[in-house]
Amino acid sequence: MKVVVTGGTGKAGRAVVRELVAHGHHVRNVDLAPDPNPVCGFRRADLTDSGQVFECLAGYDAVVHLAAIARPGLYTEASTFQINVMSTFNVFNAVCLLGLKRVVWASSETTLGLPFDHKLAYLPIDEEAPPVPKSAYALSKVVGEEMARYFNAQTGVPFIGLRFSNVFTEDDYALIASWQSDARARSWNAWGYVDARDVAQACRLGIEVPFEGADVFIIAAADTVMERSNNDLVREAFPNVPTRELGGHDTLLSIMKAEAVLGYRPRCSWRTSDQTSEESP
């Protein structure tokens, strides 16, 4: 399949591009800066300009849309919202008008209500919890999810939104030891993370699996970033939050829906940080 990856030079984007190329897809990276170690074609573009988006997507089959202001606090709230919403609208609109077959795009765990507090609905949290945006960044992702439903209803093009947890590379795992003495150091996202290689797996599955409609899926590692048990962590940080079966160190950002619908199986963990990504079936 011919796939455009927007934001293919970023931390997650580089892994996604390599995963798609390794599995036989023809890929174009669309970003403001090229990958210094490219494995595919590159086109520089500003996605807030609809004309540039149309030119970059014409002739392709599908899009993995990752390009965005990456997190709260990098830009002003107004700029973050405007850039993320406008670029996402332009990509979705161009896909539908050009007749592409599929959109996989980066939503965010922040739609769930990050930073989490005592008002958290329940743990493990899943996609049934209503969105609770607490920043313009999170709000831009909630709007993106609504836009995906709108464009799917208008055209029938499938939209798969992936609510990524905090993306890690192996270099980031060195930070984890410093968090172990304080349960609240990472309670803001229920101690979640996801390896960039598992982000890549999820994006590829989103392109390849049979799918109709517009839906969202939490994408996280199978475990937390903590050595302490979930029962201990939740008792200290969220003593009044309703809980379901927590598991010893299982992720508290439920990935059951992604496992069931997409076939997602996280392969990478900080607990075995010398591990390399295996070939997916």
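The values are calculated or read from the model by the stated rules, or taken from the named source; none is laboratory data. What you are looking at is a predicted structure, and each value in this text was computed from that prediction instead of being measured. Here the Cβ positions follow ideal geometry from the backbone for every residue, glycine too, while neighbour counts run over all protein chains shown.
Is one or more of the residues making up the stretch 116-129 modelled with pLDDT of 95 or more, under 18 Å from Asn166 (Cβ atoms) and in a helix (DSSP H, G or I)?
So far as the stretch 116-129 goes, no, none of its residues is modelled with pLDDT of 95 or more, under 18 Å from Asn166 (Cβ atoms) and in a helix (DSSP H, G or I).
Which one of the conditions (1) out of contact with any strand residue (DSSP E or B) (no Cβ under 9 Å at 6 or more places or on another chain); (2) closer than 22 Å to Asp250 by Cα; (3) surrounded by fewer than 17 Cβ atoms within 10 Å (Cβ to Cβ) does Glu170 fail to meet, given that it meets all the rest?
All conditions are met except number (1).
If you scan the stretch 1-43, which residues turn out to be touching a residue at least 40 places away in the same chain (Cβ under 8 Å), assigned to a loop (DSSP other than H, G, I, E, B), more than 20 Å from Thr169 (Cα to Cα) and in contact with a Leu (Cβ under 9 Å, 6 or more places away or on another chain)?
Matches in the stretch 1-43: Met1 only.
In the stretch 73-113, how many residues are crowded, with 19+ Cβ neighbours inside 10 Å and either of a type in the set (Asp, Glu) or touching a Ser or Thr at 6+ places or on another chain (Cβ under 8 Å) (or both)? Talk me through it step by step, then tell me what you get.
Of the residues in the stretch 73-113, the ones crowded, with 19+ Cβ neighbours inside 10 Å are 80-81, 84-85, 87-92, 94-95, 100, 102-113.
Remaining after also requiring either of a type in the set (Asp, Glu) or touching a Ser or Thr at 6+ places or on another chain (Cβ under 8 Å) (or both): 80-81, 84-85, 87-88, 90-91, 94, 105, 109-110.
Summing the residues that are crowded, with 19+ Cβ neighbours inside 10 Å and either of a type in the set (Asp, Glu) or touching a Ser or Thr at 6+ places or on another chain (Cβ under 8 Å) (or both) in the stretch 73-113 gives 12.
Could you check how many residues of the stretch 55-79 are in contact with a Leu (Cβ under 7 Å, 6 or more places away or on another chain) and either part of a helix (DSSP H, G or I) or over 30 Å from Pro115 (Cβ atoms) (or both)? Don't jump to the end; show me each part of the working.
As a first pass, look at the stretch 55-79 and keep what is in contact with a Leu (Cβ under 7 Å, 6 or more places away or on another chain): 57-58, 60-63, 67.
Add one more test, that the residue is either part of a helix (DSSP H, G or I) or over 30 Å from Pro115 (Cβ atoms) (or both), and what stays is 57-58, 60-63.
Within the stretch 55-79, residues that are in contact with a Leu (Cβ under 7 Å, 6 or more places away or on another chain) and either part of a helix (DSSP H, G or I) or over 30 Å from Pro115 (Cβ atoms) (or both) number 6.
What number of residues in the stretch 180-194 are of a type outside the set (Phe, Trp, Tyr), touching a Leu at 6+ places or on another chain (Cβ under 8 Å) and not in a loop (DSSP other than H, G, I, E, B)? Don't jump to the end; show me each part of the working.
Start the filter on the stretch 180-194 by keeping residues that are of a type outside the set (Phe, Trp, Tyr), which leaves 180-187, 189-190, 192, 194.
From what's left, touching a Leu at 6+ places or on another chain (Cβ under 8 Å): 183, 187, 189-190, 192.
After this cut, where a residue has to be not in a loop (DSSP other than H, G, I, E, B) as well, the list is 183, 187, 189.
Going through the stretch 180-194 one residue at a time, the tally reaches 3.
How many residues are of a type outside the set (A, V, I, L, M), assigned to a loop (DSSP other than H, G, I, E, B) and within 21 Å of Leu112 (Cα to Cα) when one looks only at the stretch 214-238?
Here is the first cut: in the stretch 214-238, the residues of a type outside the set (A, V, I, L, M) are 215, 217, 223-224, 227-232, 235-236, 238.
Keeping just the survivors that are assigned to a loop (DSSP other than H, G, I, E, B) gives 224, 227-229, 238.
Among the residues that remain, those that are also within 21 Å of Leu112 (Cα to Cα) are: 224, 238.
Of the residues in the stretch 214-238, 2 are of a type outside the set (A, V, I, L, M), assigned to a loop (DSSP other than H, G, I, E, B) and within 21 Å of Leu112 (Cα to Cα).
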